[in-house]
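The structure appears right after this line, and notes come after that.
The values are calculated or read from the model by the stated rules, or taken from the named source; none is laboratory data. Being a predicted model, the structure only gives us computed values, none of them experimental. Every residue, glycine as well, gets a Cβ built from its backbone with ideal geometry; the counts of neighbours run over all protein chains shown. Heavy atoms of the whole protein, side chains included, go into the accessibility calculation; ligands, DNA and RNA do not. Shrake-Rupley method; radii C 1.70, N 1.55, O 1.52, S 1.80 Å.
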Amino acid sequence: EKCLQYCVKILIRIARSRHEFAVRINNKRNLLECLIRQYLPAIETNKQEPCYLIFKLFRILASYDVSINKNLMSLGAVAKAKSYICSQNDVNVNLLKLQIECFRFLRLYYLTTGDEDSFNELFMALRYFLEWHYQNLDFHQANHFLIRTHASALLYLIACSKIHISFSIYAEVFKMCSSKWF
């Protein structure tokens, strides 16, 4: 697992350095397929924990252009991110890290592609997490940094869409959170 993390961190640094290098990584379809297939398993299988750094890599790659986003979607990265966000497993540190990167990746994906329709699939999960943060997060107290980061990434994902206009129940929960936090 450590070896995988180190390798993905190297790929992240390479991808960040130049657009050309990000495109080369994106063109390595076998590499990306292997990362998704082998190291992003369904959470329910409990065989191994998904590597959150892979979504960080995807986010960096996707930040360059829409064609990379489309490739990642065709490989199933967007579907995997959605499945991790919709997971009903117990919230733990690894799941929080994974969901933070999924929130960030999907936010970038939605902003660059404008694919608002697939965002609707996340409505109930995002609402659940907003309510969870409403119950468990107080920005005035010293909560764990990871929980605050999770809430922040969640709010940024929500802010990139028009979902708050479409669903009145969602807007009500957001209003309660805003009143409590601000």
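Per DSSP H run of n ≥ 4, the term is -39500 (n - 2.57); total these for the chain, divide by its residue number, and report the mean residue ellipticity at 222 nm rounded to 500 deg cm²/dmol.
-23000 deg cm²/dmol
Taking a temperature of 37 °C and a viscosity of 0.692 mPa s, what whole-number D in µm²/s does Stokes-Einstein yield for the range 1-81 with Rh from Kirkwood over alpha carbon pairs?
The calculation lands on 257 µm²/s.
Give me the extension gain from residue 67 to residue 111: residue separation times 0.36 nm, minus the current Cα-Cα distance, reported in nm with one decimal.
Extending this stretch completely gives an extra 14.5 nm.
Could you tell me the largest-minus-smallest coordinate of the C-alpha atoms of the range 85-124 on each of the three principal axes, in descending order and whole angstroms?
Extents along the principal axes: 31, 18, 7 Å.
Against the longest principal axis of the chain, how steep is helix 168-181, in degrees 0 to 90 to the nearest 10, with axes from Cα atoms?
80 degrees
Taking a probe of 1.4 Å, how large is the accessible area per residue of the range 1-68, in Å²?
Accessible area per residue: 62 Å².
What FRET efficiency, computed as 1/(1 + (r/R0)^6) with R0 = 22 Å and r the Cβ-Cβ distance, is obtained for residue 42 and residue 145, rounded to the nearest 0.05?
0.20
What percentage of the solvent-accessible surface of the chain, computed with a 1.4 Å probe over protein heavy atoms, is contributed by carbon and sulfur atoms?
Result for the chain: 53 percent of the exposed heavy-atom area is carbon or sulfur.
Can you find, among 32, 6, 17, the residue farthest towards the positive end of the dipole of the range 1-42? Put +1 on the C-beta of Lys and Arg, -1 on that of Asp and Glu.
After comparing all options, I get 17.
Quick one: pull the percentage of alpha-carbon pairs in the range 15-56 with a separation above 15 Å.
Value for the range 15-56: 50 percent of Cα pairs lie more than 15 Å apart.
For the chain, what percent of Cα pairs sit more than 25 Å apart?
35 percent
Determine the dipole magnitude for the range 1-101: charges of +1 sit on the beta-carbon of Lys and Arg, -1 on that of Asp and Glu, nothing else is charged, the reference point is the Cα centre, and the result goes in debye to the nearest 20.
380 debye
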